[in-house]
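Right, one structure below, let's go through it.
The values are calculated or read from the model by the stated rules, or taken from the named source; none is laboratory data. Only a predicted model underlies this, so the values are computations on that prediction, with no experimental measurement involved. As a convention, Cβ positions derive from the backbone with ideal geometry for all residues, glycine included, and neighbour counts pool all protein chains shown. Remember, those area values only see protein heavy atoms, side chains included, never the ligands or the DNA or RNA. Shrake-Rupley method; radii C 1.70, N 1.55, O 1.52, S 1.80 Å.
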Amino acid sequence: MSDLRLSVAMGDYDRTRPIADGRVRIDGVDPAVMLLTPEEMFFRAMRHRAFDICELSLSSYVISVARGDPHYIAVPVYLSRAFRHTSIYIRTDRGIERPEDLRGRRIGIAEYQLTANVWARGLLEEDHGVRPSDIIWVRGGMDTPGRPEKIALDLPADVSVEPAPEGATLNGMLAAGEIDGFIGPRSLRCFDEGHPQVGRLFGDSFAAAEAYYRRHGVFPIMHVLALRRALADDHPWLPGALLKAFARAKDMAQDALHDTSAAKATLPFLEDSLERARSLMGADYWSYGLAGNEKTLDAFLGYHRAQGLSPRRVAVEELFHPATLEAFSL
């Protein structure tokens, strides 16, 4: 029997590259690999169901589960994880010295439901008492005017979301001082280019993230791997094959990082950062699977429901195909 020819859309990361270049094989699958940006992947997947297997926004996926009509089913492969203290940008000339100073401010967002924004709002409320309703949210395109939400939302009545002016971009508005800050998974160009009045809310975001992890034991999950439900129904071996292959690819990436004979990433202080992460989070600092990640997933699902994005509180056990929640042993 020939392998299934399936489309696989994912980001170009060290932990996915062994799948893309064929060093790791997905049992029973002949993959047509597409290495895409998150914005393109998520838009095409959620609007047009364009891929057989794809990386998905955790937030968008949870909305589909909560609404009872998920076209995709996830496996516990977390292709993107990040502490989101780096994702909150401010005008440094507005007297914003601490998170509590965001109350009453106008903060730009590309989409309200983005996973990074859910985590950022969650940490602002849980650790600093700043609720989503305390901020005026200005939604628009980062570099192109008029970016739409991928998914229609029904937000709480006390949450204020207004569109950016026609023709305006969030980058231009922050640079001109027309908004007080920005939250998102990507930085705006004005920050990257060194605008003198644009900075991060958390000046030492590394230390802030470490303190957050010590308090909560949570390493935020951004993206999961998912496949069409119909494919999982027709080929019940496929979810397990995906978990096996992507876990192997991630292990290869971590093995390469741990080989200190020559740096595998174009980044100074790589060994120091790696040791710092292991000291704080343990040897399996980027784990896949459900075991060990329940606390992180439960925290996200709580934030998601509290922020009005889920019409009901989704249970952790609903997220993943049951075949990926247990494994054989010798």
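Across the stretch 201-330, the mean sequence separation of Cα contacts (distance under 8 Å, 6 or more residues apart), normalised by length, yields a relative contact order of 27 percent. Residue farthest toward the positive end of the dipole of the chain, with Cβ of Lys/Arg at +1 and Asp/Glu at -1: which of LEU155, HIS235, PRO31? Of the listed residues, the answer is LEU155.
Annotation: LYS264 carries an accessible surface of approximately 100 Å², with a 1.4 Å probe and no ligand, DNA or RNA atoms counted. For the stretch 118-154 and the stretch 229-262, write down the distance between their C-alpha centroids in whole Å. Their Cα centres are 32 Å away from one another. Among complete DSSP H helices in the chain, those whose alpha-carbon atoms stretch at least 15 Å along the helix's long axis and whose mean Kyte-Doolittle hydropathy reaches 0.0 are 238-258. In the complete set of protein chains, residue-level accessible area for SER160 is approximately 50 Å², probe 1.4 angstrom.
The alpha-carbon of LYS295 sits under 19 angstrom from the alpha-carbons of these aspartates and glutamates, leaving out residues fewer than 8 places away in its chain: GLU125, GLU126, ASP127, GLU210, ASP284, GLU317, GLU318, GLU326. Split the accessible area of the chain by element, probe 1.4 Å, and carbon with sulfur accounts for 51%. Bridges between two residues of the chain, per DSSP, are antiparallel at a rate of about 45%. Surface analysis of the stretch 183-330 yields an accessible area of 53 Å² per residue, using protein heavy atoms and a 1.4 Å probe. Take 181-193, 268-280 and order them by the average number of nearby Cβ atoms within 10 Å per residue, most first; the result is 181-193, 268-280.
Here are a few candidate values for P(r) over Cα pairs in 20 Å bins from 0, in percent: (i) 28, 53, 18, 0; (ii) 30, 59, 11, 0; (iii) 22, 28, 21, 16, 9, 3, 0. Which one was actually calculated from the structure I just gave you? Of the labelled values, this structure produces (ii).
Centre-to-centre separation between the Cα atoms of the stretch 162-203 and those of the stretch 279-330: 32 Å.
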